[in-house]
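Q: Pasting a structure here, questions to come.
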Amino acid sequence: MKRLFILTAAVIMAIGLLGGCSGKEESKEGTKTKTVTILYPGDESDRMSEFMKNEFAQKMKEDLGIKVEMVYTPWDQYWEQKDIMLAAQEPIDLYWDGLPDLATMVNKKQASVLNDLIDKYGQDMLKVLPEEQLKGATINGEVYGIPSAYAPSSGMFQMVCVRQDILEACGMTEIKTAEDLKVFAEKAKKLYPEVKGPADPIFKPLTRYFADEQLTWCANEDSVVYGDKTNKVYDYYETDAFKKVAQYNRQMYNGGLYSDDLTTKYNERDSRMQTGLYLWVEGSLGKENEIISSVKANAPDARLKSYILKPEEPRYITATGGEVLCIPQTAPNPEGAMKFVNWLYSSQDNYLMALYGVKGKDYEIVDGRIKKLVSDEFFYEWMFRNKNYQLFAPDIDQSYIDTYESWDDKAITSNMLGFRFNNEKVKVIETAIKEVAGKQMAPILYGFVDFDTEYPKALDALKKAGIDEYVAEVQKQMDEFQASKNK
């Protein structure tokens, strides 16, 4: 009996040890396969879905011991859904947004401080995302996001991407002025009645054209701009540039060159352009290469080209890119999110896999150029573009590549580079301004209502909303920012 008891006890202990080991292994295995959930704008392509479940999933398991899941939200719903999901503390580990709005996201407590995560898990990415790049997402010495596109950036938001094939068919070769755009739209309307006109009222490129100095948006909802020559902050809606843009767009609308969709569905401008039925959209250096495949899917003979209006005037670097990746304060797996971003930038092979899929199946490299074998999109190239890894398609002219690589050589660095407005003291005013801007000023800006009759009423509403106090607060913070740089 004693021997039986000892044997029984030994068996029970062995089972217990095995069970304990199994539990630890499962826990360990659970840690290895912990999920990183990414909130992403747009729609998932069929190949992207297959890729994420198979080749990419295997790569993430082997390299990082994590699983990456994508939560897609249509473009026209993305920002609203992002706010709702983060407020509800849904399990989102990483999301994208526009870098100019970072301070607002921080005030909404949608972004966590990343300094420690970068120190522990983000050192590889710093080889191709230099310290200067991260400064663009730094507020009061703390890094709140990763400016994910590292590429030539002067003239950002000041270019127009046009259907070059239609432009040339209209007997034109290039775009330099606002009048060029108007003539182009008029000629295209006659020659191509099926084309629906511009996809975008491009108010920022037009602002460059009509402004007397570089004006850069520096507070929420496009309501406040900074003038580089005067070193002053202005209510955009009271500038001469705004008035000239609004009056120009009114002429375009009255001439039957703008459709109502341009204002009622403004955020769908890129989607419109990609249907192959529109003439232009706000561009950036390389925009034509980003969207040409989508455009050609609907208009096989299409060619795109980007132009900067008033090209003889200086170009300014006003931001370290336009994109930012943030990790929410409520992220269940912030370490995994940082590991994923670090992995993507840690080598060109990883970078190309994330952006273009599997080599030999989704893309191939021929003579230093990248040839896509499928039309599906993977992780957006524009969101992660990095000039250290970037490859160009075989049909990209070498002249364009030369221009791209030298684009910032003569650019001027704006005095406001790195400025982030903190709206904490003027949140109520900002909300009121947004209401007026969206309902009254936007239709004026896009040319859909008469300027002379509607502008005085809209400006009065803006004054009552507190725009002067708001501008004064932005100016105060801008002065403090400028003073801090001189210490």
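Q: Name the residue, out of Lys190, Lys204, Lys182, Lys196, that is farther than 18 Å from Val281 by Cβ and either charged (D, E, K, R) or touching a strand residue (DSSP E or B) at 6+ places or on another chain (Cβ under 8 Å) (or both).
A: None of the other options fit; the residue is Lys190.
Q: In the set Lys28, Lys61, which member is part of a helix (DSSP H, G or I), at pLDDT 95 or above and open to solvent by 80 Å² or more (accessible area, probe 1.4 Å)?
A: On inspection, the qualifying residue turns out to be Lys61.
Q: Do you know which of the residues in segment 180-190 that are without any contact (Cβ under 8 Å) to a residue 24 or more places away in the chain and over 27 Å from Glu213 (Cα atoms) is surrounded by the fewest Cβ atoms within 10 Å (Cβ to Cβ)?
A: Taking the candidates together, the pick is Lys190.
Q: Quick one: what pairs do we get from segment 401-426, first residue farther than 22 Å from Phe481 by Cβ, second among the charged types (D, E, K, R) and surrounded by 18 or more Cβ atoms within 10 Å (Cβ to Cβ), C-beta under 9 Å, 6+ apart or different chains?
A: Here the result reads Trp407/Arg315; Asp408/Arg315; Lys410/Arg315, each pair linking segment 401-426 to a residue that is among the charged types (D, E, K, R) and surrounded by 18 or more Cβ atoms within 10 Å (Cβ to Cβ).
Q: If Ile396 passes every condition in (1) open to solvent by 60 Å² or more (accessible area, probe 1.4 Å); (2) among the hydrophobic types (A, V, I, L, M, F, W, C); (3) under 25 Å from Tyr150 (Cβ atoms) but one, which one does it miss?
A: Just one mismatch for Ile396, condition (1).
Q: Out of the residues in segment 191-230 that are among the aliphatic types (A, V, I, L, M) and not in a loop (DSSP other than H, G, I, E, B), state the one that is surrounded by the fewest Cβ atoms within 10 Å (Cβ to Cβ).
A: Leu191
Q: For segment 432-485, which residues satisfy the criterion of being surrounded by 14 or more Cβ atoms within 10 Å (Cβ to Cβ) and among the polar types (S, T, N, Q)?
A: Gln440, Gln475, Gln477
Q: Limited to segment 366-382, what total is found for residues that are farther than 27 Å from Trp96 by Cβ and β-branched (Val, Ile, Thr)?
A: 1
Q: One residue is enough: does segment 235-254 have a residue meeting the conditions among the acidic types (Asp, Glu), surrounded by fewer than 22 Cβ atoms within 10 Å (Cβ to Cβ), at negative phi and touching a residue at least 40 places away in the same chain (Cβ under 8 Å)?
A: yes
Q: Quick one: is Ala103 surrounded by 20 or more Cβ atoms within 10 Å (Cβ to Cβ) and modelled with pLDDT under 95? Break it down into steps so the answer makes sense when it comes.
A: On the way: surrounded by 20 or more Cβ atoms within 10 Å (Cβ to Cβ): yes; modelled with pLDDT under 95: yes.
In short, yes.
Q: Looking at (1) under 15 Å from Trp343 (Cα atoms); (2) surrounded by fewer than 18 Cβ atoms within 10 Å (Cβ to Cβ), can you tell me which one Val71 breaks?
A: Failing condition for Val71: (1).
Q: Next question, about the same structure. Scan segment 203-227 residue by residue and report those that are farther than 13 Å from Gln475 by Cα and out of contact with any helix residue (DSSP H, G or I) (no Cβ under 8 Å at 6 or more places or on another chain).
A: Lys204, Pro205, Arg208, Glu213, Thr216
Q: I'd like to check something: does segment 276-292 contain any residue that is among the hydroxyl-bearing types (Ser, Thr, Tyr), surrounded by 18 or more Cβ atoms within 10 Å (Cβ to Cβ) and modelled with pLDDT of 95 or more?
A: Among the residues of segment 276-292, at least one is among the hydroxyl-bearing types (Ser, Thr, Tyr), surrounded by 18 or more Cβ atoms within 10 Å (Cβ to Cβ) and modelled with pLDDT of 95 or more, which makes the answer yes.
Q: Criterion first (over 16 Å from Gln247 (Cβ atoms) and hydroxyl-bearing (Ser, Thr, Tyr)) does Tyr209 satisfy it? Walk me through it before giving the result.
A: On the way: over 16 Å from Gln247 (Cβ atoms): no; hydroxyl-bearing (Ser, Thr, Tyr): yes.
Spelling it out, it is not the case that Tyr209 is over 16 Å from Gln247 (Cβ atoms) and hydroxyl-bearing (Ser, Thr, Tyr).
Q: Scan (1) assigned to a loop (DSSP other than H, G, I, E, B); (2) touching a strand residue (DSSP E or B) at 6+ places or on another chain (Cβ under 6 Å) for the single condition Val233 breaks and write down its number.
A: So Val233 meets the others, but not (1).
Q: Being in contact (Cβ under 8 Å) with a residue 24 or more places away in the chain and either in a strand (DSSP E or B) or more than 19 Å from Asp270 (Cβ to Cβ) (or both) is the filter here, so list the residues in segment 76-89 that pass it.
A: Hits for segment 76-89 are Asp83, Met85, Leu86, Gln89.
Q: Another question about this same structure. State which residue is most open to solvent (accessible area, probe 1.4 Å) when the search covers only segment 338-385 and only residues that are free of Cβ contacts under 8 Å to residues at least 12 places away in the same chain and in a strand (DSSP E or B).
A: Lys359
Q: Of all the residues that make up segment 294-329, how many are assigned to a loop (DSSP other than H, G, I, E, B), within 24 Å of the chain's Cα centre (by Cα) and of a type in the set (D, E, K, R)?
A: 2
Q: Another question, then. Restricting to segment 155-179, count the residues that are open to solvent by less than 30 Å² (accessible area, probe 1.4 Å), part of a loop (DSSP other than H, G, I, E, B) and either out of contact with any Lys or Arg (no Cβ under 7 Å at 6 or more places or on another chain) or at positive phi (or both).
A: Total satisfying the criteria: 3.
The values are calculated or read from the model by the stated rules, or taken from the named source; none is laboratory data. Nothing here was measured: the structure is a model prediction, and the numbers come from that model. FYI the Cβ positions are ideal-geometry reconstructions off the backbone, even for glycines, and counts take in every protein chain you see. Ligands, DNA and RNA are excluded from the accessible area calculation, which covers all protein heavy atoms including side chains. Shrake-Rupley method; radii C 1.70, N 1.55, O 1.52, S 1.80 Å.
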